[in-house]
Amino acid sequence: MDDIKITNIVKFHILFLLYQRPMHGYELMAEIEKVLGSKPSASQIYPFLSVLKKNNLIAIIEEAERDKKVYELTGRGKKFVEKKLEMFGGIIAATIEKDLTTCAHCGCKVYSGGYEEEIGGEKVTFCCMHCAGTYKGK
Ligand SMILES: [Zn+2]
């Protein structure tokens, strides 16, 4: 099942939404539209669902009286999504990490802004002005 590639954001959302609760195909489309701002086409949804079904990652629950199919992740499917989420989480964390600067004084990570000061003609970043003060006092 590792050869199921999450090659686009629509596929990612299908998995992520089904991880939260079982859904009808049209519900999936509506939810994805809410997030992405444009309606995904049926050809972006149903072929992927059938791949997931073939790999036993989802099961289809038929609602006979309303003739609707509800898609639900199987135990195997849940594990698959968890693995993918972990992977995406790792990518996101690595990306954020790369953009971080560290405080020149205490070494803590500065997520946004921070406190910059020019010392000896060079811009030095600190987490706060207190660190800058202590650093200069050294
Ligand atoms: Zn600091």
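Rule-based calculations on the coordinates, nothing more; no lab input. What you see is a predicted model; the values in this text were computed from it and never measured. We place every Cβ from the backbone using ideal geometry, glycine too, and count neighbours over all the protein chains shown.
For Val124, neighbours were defined as the other residues whose beta-carbon sits under 10 Å from its Cβ, and their charges (Lys and Arg +1, Asp and Glu -1) total -2. When the chain is treated as a GNM with alpha-carbon contacts under 10 Å, the residue of Ala30, Ala104, Ala94 showing the greatest mean-square fluctuation is Ala104. The packing ranking of peptides 52-63, 7-18, highest mean first, is 7-18, 52-63, where packing means the average number of other beta carbon atoms within 10 angstrom of each residue.
Over the chain, the ratio between the Cα radius of gyration and 2.2 N^0.38 Å evaluates to 1.63. Sequence-distant contacts, meaning Cα pairs under 8 Å at least 6 residues apart, place the relative contact order of the range 42-138 at 15 percent.
Rounded to the nearest 10 degrees, the angle from helix 75-99 to the longest Cα principal axis of the chain is 20 degrees. Here the translational diffusion coefficient of the range 49-129 follows from Stokes-Einstein with Rh set to the Kirkwood radius across Cα pairs; for 37 °C and 0.692 mPa s it amounts to 195 µm²/s. In straight-distance terms, cross-link reach from Lys54 covers every one of the lysines whose alpha-carbon lies under 27 Å from its own, apart from those fewer than eight places away in the same chain; here that gives Lys5, Lys11, Lys39, Lys68, Lys69, Lys78, Lys79, Lys83, Lys84. Only the Cβ atoms of Lys and Arg (+1) and of Asp and Glu (-1) were treated as charged; on that basis the dipole of the range 35-138 about its Cα centre amounts to roughly 420 debye.
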